[in-house]
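Some notes on the structure that comes next.
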């Protein structure tokens with residue numbers, strides 16, 4: 001016999017929404033009460049389950065990966081757990097424990113199926129509960145994937161300049177080189193370095209230096225074509241990959257970038273506007289060449305540009 005207190009909780013249960021309990025009371029009498037103390041386990045992943053549990057009062061928490069991870073769901077009065085393992089006749093897929101002293105109505109699986117057979121309302125409510133769980137799981141999955149993508153993006157973007165960083169470069173550039181070689185396409189690498197940047201930092205401070213880095217990164221990125229790749233390699237050095245580009249075209253692009261920086265990256269200081277320039281080394285990929293060798297040749301060209309007066313472009317031999 002269902003007492004008045006339990007009846008009130010059952011009338012509020014999602015499984016019996018819009019259903020007269022009198023019509024199914026004879027089946028509910030075959031259920032039994034279960035009391036859990038705080039911290040006590042109700043279900044464990046990998047362990048067989050033969051009941052649907054309705055929460056009368058208290059609180060249950062669901063953990064998909066053990067107690068050391070955040071809970072997946074929290075269930076209070078009127079909600080149920082255990083339906084998944086009943087519907088697919090498999091073992092429980094999660095750890096469920098009492099977060100507080102909790103009273104439950106334990107419904108054997110044969111009672112649940114009898115309820116579904118005799119009440120279309122119960123069947124409809126059970127489907128609604130399952131749909132809600134699936135929707136919540138989908139939203140959780142999307143949120144998790146979104147967070148993962150955000151973390152991945154944060155790990156591959158230079159926080160100061162907003163362009164890609166060395167970590168991303170070391171993964172993306174070799175792939176782009178392999179693709180161009182496989183498609184028998186030309187490719188060039190440009191290394192751009194801000195002239196006398198160390199002296200600028202020492203003279204005007206790191207905040208001014210950071211402002212220059214951001215301006216140069218923006219000008220370089222805006223001056224490139226859609227297929228070009230740019231990343232901050234470290235310090236004041238930027239590596240630019242130019243797919244489907246011969247050496248003569250790469251030299252023109254590097255000269256254009258040099259002009260853009262000289263014209264648009266000057267910084268106002270207490271000593272007046274300080275001009276900013278870059279030097280560039282350009283190398284065209286030799287068939288079969290690896291990224292490290294290509295970068296070394298471009299860096300040698302950059303070194304010559306510095307030695308020959310800076311604010312200039314040199315090509316690799």
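Calculated from DSSP H runs of 4 or more alone, at -39500 (n - 2.57) each and per residue, what is the 222 nm mean residue ellipticity of the chain, nearest 500?
Numbers: 10 runs with 141 residues, N = 317.
My calculation for the chain gives -14500 deg cm²/dmol from helical runs alone.
Rounded to the nearest 10 degrees, the inclination of helix 109-118 to the longest alpha-carbon principal axis of the chain is 80 degrees.
So which residue, out of 255, 40, 270, gets the largest mean-square fluctuation from a GNM of the chain using Cα contacts under 10 Å as springs? Sorting by GNM fluctuation, first place goes to 270. Identify which of the listed values of volume of the Cα convex hull per residue in Å³ was calculated from the structure shown: [x] 137; [y] 220; [z] 165. Structure-derived value, by its label: [y].
For the pair segment 36-64 / segment 274-303, the C-alpha centres are spaced 63 Å from each other. A crude spin-label estimate for the pair residue 130 and residue 226, with each label 7 Å from Cα along the Cβ direction, gives 4.7 nm.
Considering the chain as a Gaussian network with a 10 Å cut-off on Cα pairs, which listed residue, 59, 271, 249, attains the greatest mean-square fluctuation? Greatest mean-square fluctuation among the candidates belongs to 271.
Which whole-number percent gives the relative contact order of the chain, counting Cα pairs below 8 Å spaced six or more residues apart? Mind dumping the intermediate values first?
Numbers: 560 pairs, mean separation 45.7, N = 317.
Dividing the mean separation by the residue count of the chain yields 14 percent.
Axis of helix 291-307 versus longest Cα principal axis of the chain: the two differ by about 40°, to the nearest ten degrees.
Extending 7 Å from Cα along the Cβ direction at residue 84 and again at residue 248 yields two label points whose distance is 6.5 nm. Helix 247-264 against the longest principal axis of the chain: what's the angle in degrees, Cα atoms only, rounded to the nearest 10? Its long axis makes an angle of about 80 degrees.
Note on residue 259 and residue 45: the model spin-label points, each 7 Å out from Cα along the C-beta direction, lie 6.1 nm apart.
None of the figures in this text is laboratory data; all of them are computed from the coordinates on show. Computed from a prediction, not measured in an experiment: that's the story for all the values here. Note that we place each Cβ from the backbone using ideal geometry, even for glycine, and neighbour counts take in every protein chain shown.
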